[in-house]
Amino acid sequence: MTNDTRSRIRSIIAEQAMLEPDQVTDASTPGELGIDSLGLVETIFAIEEEFDITVPFNANEPEKSDFDITNMGTIIAAVDRLISEKAA
Amino acid sequence: MSPKKAKDGKVGTFEPTTREGLRRVVITGAGTINALGHDVASTLAAFREGRSGISQLDFRDVDRLSIQIGAQVHDWKPEDYFNRQQILLYDKFTQFTLLAAKQAVAQAGLNFAGKLGLNSGVVLGTAAGGMNTWDENYRTVYEEGKNRVHPFVVPKLMNNAAASHVSMEYGLRGPAFTVATACASSNHAMGLAFQMVRSGAARVMLTGGSEAMLCFGGVKAWEGLRVMSKDACRPFSANRNGMVQGEGAGVFVFEDYENARARGAEILAEVVGFAMSSDAQDIVMPSAQGAERAIRGAMQDAGLNPEDIGYINAHGTGTAANDKTECAAVAHAFGHHADRLMISSTKSMHGHLIGGTGAVEMLACIMALRDGVIAPTIGYEEPDPECALDVVPNVAREARVDAVLSNAFAFGGLNAVIALRRV
């Protein structure tokens, strides 16, 4: 995982949560950051645009989506995986 | 409001007006085209059989969509119904509307020549109007780089095109307009038509709604919200994973009871109540309180008690959020009676027609009242404790019901519920 990926995702999430990037840690959950379901969908769109990837995410069953949104750390790991899959 | 309704919920004999002097409103004609069929009979047959109209979408660039299923009107050949000039002038949502209106007017047996036309009108719902026309012409100018479009683009795409063509077709010279409240458009339209006939502002109203959003741009836009299912519409089922779009139209003749009776028309059902409410809360997430206020309001307007309601045609989109919120609203509004009434979502069969959906769903309400057959919620696989009502899973049911509700809860927090009674 590159620090670059982490900082870019952190910026996206911080912007969505209207916080400073350093207020977002790997343990931060969308709920704690005040990101609601619509905000989450918007965040995922921003991540797709930033990294030119397609994130498999259905808002009706987030737990079944192959993209773990539990917290910042799991989102970073999932994005990292999608980036490497795309490169492969 | 309904002095002739006996306490046991039985329908009394008809009086032309209520105690308050309001006119009574009856449905004397119905028409539709949707993924289940090109008319009412085939649609009701599908409801009885619990048959789905959802399949692989078929239109240009569908391969670029991540959602590729929908309830598309099958075997649609506009040239079967319209001449070349009409096809150039009518977007698909107008074509669907005119076809449904023709069936409804034929069934009602009405002739709007003379004074009746002056006192009659049309109010229809649609969310996107001529979406196919927008889509095709944007493609022409943006993708293909052309600098010229057909001269009829504006009169084709405008949301009121369908209502205007219906008014012209039948000489309806009274109130005519279009309502756009997303997924509640048709219910709002029919509710307003009901109020206009009840108040005496019109003697006959053609009403209902239409949608034709199944084109590349229409589905692409919905994909963005990530609320669509890739495989099936399973309302109220624990494993539901989103909505499935549909297309088509439903049009009804709402008529002053005296007018209908005087000419010996067959009455399909009586429209007895309507209420609308706004959540004033969130642009996409529904509110149980807002829904409940509309449900209670419709019953109050109709002079019905909760125990009078035997069936509810649910909004039932098959999304996680809608279905649990709607069930909570119904449970709260009906109390102990919530466990006795039936509630089903026919979107599992005809898909979500967005602005046209309430109109097609009205057919399930009429079938329940007239034929004593409750349309099922198909695709139901796993009980959800958050949707613990009798959702008439998978198989239609014979049951006599005297009064029903039709729910519609739109994005934007706009709720519209209609109450109907058996005649």
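The values are calculated or read from the model by the stated rules, or taken from the named source; none is laboratory data. Computed from a predicted model, the values in this text were never measured in an experiment. Counting neighbours? That spans all protein chains shown, and the Cβs are built from the backbone with ideal geometry, glycine included. Accessible surface is based on the protein model in full, side chains and every heavy atom, while ligands, DNA and RNA are left aside. Shrake-Rupley method; radii C 1.70, N 1.55, O 1.52, S 1.80 Å.
Numbers at a glance
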quantity: Interchain or long-range residues, amide H under 5 Å from B:Gly412's placed H; calculated: B:Val284
quantity: Solvent-accessible area buried by A and B, counting both chains, probe 1.4 angstrom, square angstrom; calculated: 900
quantity: Nearest-20 debye value, the stretch B:25-421 charge dipole, Cβ charges on Lys, Arg, Asp, Glu; calculated: 880
quantity: Fraction of beta bridges assigned by DSSP in the protein assembly as shown that are antiparallel (%, nearest 5); calculated: 65
quantity: GluC sites (Glu not before Pro) lying in DSSP loop within the stretch B:370-418, provided at most 16 other Cβ fall within 10 Å; calculated: B:Glu381
quantity: Residue (of B:Phe177, B:Ala331, B:Met285) at the positive-pole extreme of the stretch B:25-421, dipole from beta-carbon charges; calculated: B:Phe177
quantity: Residues of the stretch B:214-232 buried by at least 30 Å² on assembly (accessible area, 1.4 Å probe, chain alone as reference); calculated: B:Leu225, B:Arg226
quantity: Computed FRET value (nearest 0.05) for A:Thr25 with B:Gln281, which takes r as the C-beta separation and R₀ as 30 Å; calculated: 0.45
quantity: Dipole axis of chain B (+1 Lys, Arg; -1 Asp, Glu on Cβ), positive-most option in B:Val105, B:Asn241, B:Asn160; calculated: B:Val105
quantity: Sequence of B:Leu304, B:Leu88 from largest to smallest accessible area, 1.4 Å probe; calculated: B:Leu88, B:Leu304
quantity: Label point at B:Asp390 placed 7 Å out along Cα→Cβ; residues across the stretch B:341-367 whose backbone nitrogen lies under 11 Å; calculated: B:341-343
quantity: Length gained when the stretch B:Ala238-B:His332 is fully extended (0.36 nm per residue, less Cα-Cα span); calculated: 31.8 nm
quantity: Leading residue at positive end of dipole, the stretch A:3-87 (Cβ point charges), from A:Gln16, A:Ile69, A:Leu40; calculated: A:Ile69
quantity: DSSP bridge pairs, chain B: antiparallel proportion in percent, nearest 5; calculated: 65
quantity: Protein accessible area in the protein assembly as shown, 1.4 Å probe - carbon and sulfur %; calculated: 51
quantity: Average accessible area per residue (Å²) across the stretch B:320-381 - probe 1.4 Å, nucleic acids and ligands excluded; calculated: 22
quantity: Spin-label model distance (nm) - B:Arg139 vs B:Asp63, 7 Å beyond Cα toward Cβ; calculated: 1.4
quantity: Magnitude of the charge dipole, chain A, Cβ model with Lys/Arg +1 and Asp/Glu -1, debye to 20; calculated: 160
quantity: Rel. contact order, % - alpha carbon contacts under 8 angstrom, at least six apart, chain B; calculated: 23
quantity: Size of charge dipole - the protein assembly as shown - debye, nearest 20, with Cβ of Lys, Arg +1 and Asp, Glu -1, no other charges; calculated: 2500
quantity: Occluded residues from the stretch A:53-88, i.e. those whose accessible area drops by 50 Å² or more once the chain is not alone (1.4 Å probe); calculated: A:Asn60
